[in-house]
Amino acid sequence: MKTSKHIKWIIGLALPLVMLAGCKKSFLEKPPTDAIVDAGFYQTDEQIMAGTASLYNRVWFDYNDKAYYNLGDFRSGTTYSAYNDRGNVLFNTTAENGENNASWRAFFNVVTQSNLTITNINKYAGAAVSASVKRMAIAEARFMRALAYRYLVMNWGEVPVITDNISLQTIPLSVRKNTIPSVWRFITREMNAIVEDLPATAAQPGRLTRWSAEGMLARFYLTRAGVEGTGATGRKQQFLDSAKYFAQRVITQSGLQLLPNYEDLFKYPYDNNKESLFELQWVYQPGSWGVQNSMPAYLNFSNDIANGDGWGGDKSATWWMLSQYEGITASGDTMLSGRTLDKRLKTTYMLPGFTYNEITQTVPATTNPSLKQKLVVPNTGGDVNFAYIKKYVVGKSEDVGGAQQQVYPNDTYMMRLAEMYLIYAEAVLGNAASTNDATALQYYNAVHTRAGLAPRTLTNPVSGAPTPLTWDDIFKERVLEFAMESTTWYDLVQLHYYNPQKAYSILNNQDRGYFNIRTDAWPNPTVWTFKKTVWATTDRKINANSGNFRLPIPSAEISQAPNLNEAAVEYP
């Protein structure tokens, strides 16, 4: 197995320290501190680093398991599930919805465990612990807490900022939500505070660096520009400038580079590559639940390419998502057809006839006497079939050096360098309708051409008409680049802060219904045709509005802390 590739510092060492006793409970739960840390621990630099290892996997497990794509992609309309998780697909999630409750708990689990890590290091760190390692460890925990609050405030809006779960236990009824601007001030302040405490070069492969923090600041400031903007002037220029500043610093000073081939981003082992700014660090470690990647189990379209799971046969790119790819064009309202040079389609979704040499497929003896072959996506019949998920699908145990049901070793991207290029372009665009900025175009094209597409120019090569970059251009590029990476929903929330009607319009014009896929030839198709399923006339569209755009706080949380029904207050 390839555990050595996946950073041995992650596994084993931290397991006795963080029991995560509260991970399935309310955010108000007081974790049993005697089960979390031995006061004799945290006596050396090595123990301190072992104590923060679980912040990179175990504390994020419940988020990664299903919330990652449920929120980031199902709600945004890039991807849908025909039979499961329909609350997010259809935009009618309730306060009792199981996935809503699980997602809320997942993020507050990160907050709780980060808080406890900070408390325990400050309380128990011995004299032999170096000041730099102590600062770095606390910075790692503050980073994770701030990021968790980014997800909380963008999904649920006004939420309570908790920095001490132990003290909170004595006064749970006093918990109040904090206002959206004050939550954003908190997480931006936190990220700014830790930049200098993180090293420029990772202390161990996969650990956070100052560039991880500066990349998050670029992301945070771009969003905060809309939070604190006004309807009259749009986004706040000060924060647009900050987003541009941090994005360019990461691009020019971090030493990171875009991988030349987009498909290599998801060909195992891709972990901690030169484009990665932050990943959740998973390992294949049988018997150690919570340090592994369980998400592929729900994305693999069949056990034919999996390891006793393969529960993603109903998950697919939406009609709207497929229509975004250059070369796939509409024919009326019911048909799409064509092919695309955009390499991101094959890397993100599977069409019939696509082949993947890195993934083993179980087949009948009549197909291959060895009962296996390299994956050829099946050409299924019927009037409903699916453009299956490819991202994070890495194959059988033999393909990755060790995997089993719900236990996979591949990491989850949380931020890539490509995002910095597009953040820079959007920050330069700012509140203008379009931009001719040469650097913004250069960065946009770095992402665009890597996908196999022709570079964009500022004038039409035939007519000579101007074609400056617009917000729609950058948004579309982000959709294509980051589909199935839990990004597009947060792009829409970011838009919603300052232009809610445009966000509703994008969502309400999507088609999320059934279709079938046909090829022009088999087994080597060159053109694909997508046709809407004629009998599936309901649940094709959603009705996003001010009443359902944000997720409702779970009823179970309200019952424990009824003050969450009260008006939000400013966070200090």
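Is one or more of the residues making up the range 261-277 in a helix (DSSP H, G or I) and of a type in the set (Ser, Thr, Tyr)?
Yes: one or more hits.
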Single unsatisfied condition, Leu341 versus (1) outside any strand (DSSP E or B); (2) under 27 Å from Ala446 (Cα atoms); (3) not assigned by TED's automatic domain parsing to the domain that holds Asp399 = (3)
task = Residue by residue through the range 125-161, note down the ones that are of a type in the set (D, E, K, R) and within 30 Å of Ser174 (Cα to Cα).
result = Glu140, Arg142, Arg145, Arg150, Glu158
query = Under the condition of being in contact with a Leu (Cβ under 9 Å, 6 or more places away or on another chain) and part of a loop (DSSP other than H, G, I, E, B), which residue from the range 78-99 is surrounded by the fewest Cβ atoms within 10 Å (Cβ to Cβ)?
reply = Ala95
request  = Could you check how many residues of the range 440-474 are in a helix (DSSP H, G or I) and touching a residue at least 24 places away in the same chain (Cβ under 8 Å)?
outcome  = 11
note = The number of residues in the range 359-376 that are under 23 Å from Thr348 (Cβ atoms) and without any contact (Cβ under 8 Å) to a residue 40 or more places away in the chain is 2
ask   = Tell me, which residue of the range 279-310 that is of a type in the set (Ser, Thr, Tyr) and modelled with pLDDT of 95 or more is surrounded by the fewest Cβ atoms within 10 Å (Cβ to Cβ)?
value = Ser302
inquiry  = Which count do you get for residues in the range 123-143 that are assigned to a loop (DSSP other than H, G, I, E, B) and either surrounded by 19 or more Cβ atoms within 10 Å (Cβ to Cβ) or without any contact (Cβ under 8 Å) to a residue 40 or more places away in the chain (or both)?
reply    = 3
First in the range 227-246 and assigned by TED's automatic domain parsing to the domain that holds Gly215 and without any contact (Cβ under 8 Å) to a residue 24 or more places away in the chain, second anywhere and surrounded by fewer than 19 Cβ atoms within 10 Å (Cβ to Cβ) and assigned to a loop (DSSP other than H, G, I, E, B), Cβ under 7 Å, 6 or more apart = Lys236/Glu228; Phe239/Glu228
key: Filter pass, Asn120 being surrounded by fewer than 24 Cβ atoms within 10 Å (Cβ to Cβ), in a helix (DSSP H, G or I), of a type outside the set (Asp, Glu) and within 23 Å of the chain's Cα centre (by Cα)   = no
query = Any residue at all in the range 194-213 that is in contact (Cβ under 8 Å) with a residue 12 or more places away in the chain, within 18 Å of Asn155 (Cα to Cα) and assigned by TED's automatic domain parsing to the domain that holds Leu152?
reply = no
key: Residue that is of a type outside the set (Phe, Trp, Tyr), in contact (Cβ under 8 Å) with a residue 40 or more places away in the chain and at negative phi, where the choices are Ala425, Ala433   = Ala425
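Residues in the range 524-531: is at least one more than 27 Å from the chain's Cα centre (by Cα), assigned to a loop (DSSP other than H, G, I, E, B), outside the structural domain of Ala82 (by TED's automatic domain parsing) and polar (S, T, N, Q)?
Start the filter on the range 524-531 by keeping residues that are more than 27 Å from the chain's Cα centre (by Cα), which leaves 524-531.
Then drop every residue that is not assigned to a loop (DSSP other than H, G, I, E, B), which leaves 524-527.
This time we only want the ones that are outside the structural domain of Ala82 (by TED's automatic domain parsing), so: 524-527.
Narrowing further to those that are polar (S, T, N, Q): 524, 526.
Yes, the range 524-531 contains at least one residue that is more than 27 Å from the chain's Cα centre (by Cα), assigned to a loop (DSSP other than H, G, I, E, B), outside the structural domain of Ala82 (by TED's automatic domain parsing) and polar (S, T, N, Q).
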query = Going by the conditions given, is Ala102 touching an Asp or Glu at 6+ places or on another chain (Cβ under 9 Å), touching a residue at least 24 places away in the same chain (Cβ under 8 Å), under 30 Å from Ala50 (Cβ atoms) and outside any helix (DSSP H, G or I)?
reply = no
query = When the range 540-572 is examined, which residues are found to be within 26 Å of the chain's Cα centre (by Cα), outside any helix (DSSP H, G or I) and among the small types (Gly, Ala, Ser)?
reply = Ala544, Ser546, Gly547
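Looking at the structure I just gave you, is Glu477 of a type outside the set (Phe, Trp, Tyr), part of a helix (DSSP H, G or I) and either over 18 Å from the mean Cα position of the chain (by Cα) or not assigned by TED's automatic domain parsing to the domain that holds Arg150 (or both)?
Yes, satisfied.
Here's the yes/no breakdown for (1) out of contact with any strand residue (DSSP E or B) (no Cβ under 8 Å at 6 or more places or on another chain); (2) small (Gly, Ala, Ser); (3) over 29 Å from Ala225 (Cα atoms); (4) assigned by TED's automatic domain parsing to the domain that holds Asp45:
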residue: Gly126; (1), (2), (3), (4): yes, yes, yes, yes
residue: Arg135; (1), (2), (3), (4): yes, no, yes, yes
residue: Ala146; (1), (2), (3), (4): yes, yes, no, yes
residue: Asn155; (1), (2), (3), (4): yes, no, no, yes
ask   = On the given criteria, is Ile48 closer than 26 Å to Met136 by Cβ, at pLDDT below 90, out of contact with any strand residue (DSSP E or B) (no Cβ under 6 Å at 6 or more places or on another chain) and buried (at least 18 other Cβ atoms within 10 Å of the Cβ)?
value = no
ask   = Just wondering, is there one or more residues in the range 505-514 that are part of a helix (DSSP H, G or I), of a type in the set (Ser, Thr, Tyr) and over 21 Å from the mean Cα position of the chain (by Cα)?
value = yes
query = How many residues are in a loop (DSSP other than H, G, I, E, B) and closer than 25 Å to Arg58 by Cβ when one looks only at the range 290-334?
reply = 12
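The values are calculated or read from the model by the stated rules, or taken from the named source; none is laboratory data. Quick caveat: nothing in here was measured; it's all calculated off a predicted structure. Quick reminder, even Gly has a Cβ in these numbers, built from the backbone with ideal geometry, and neighbours come from all protein chains shown.
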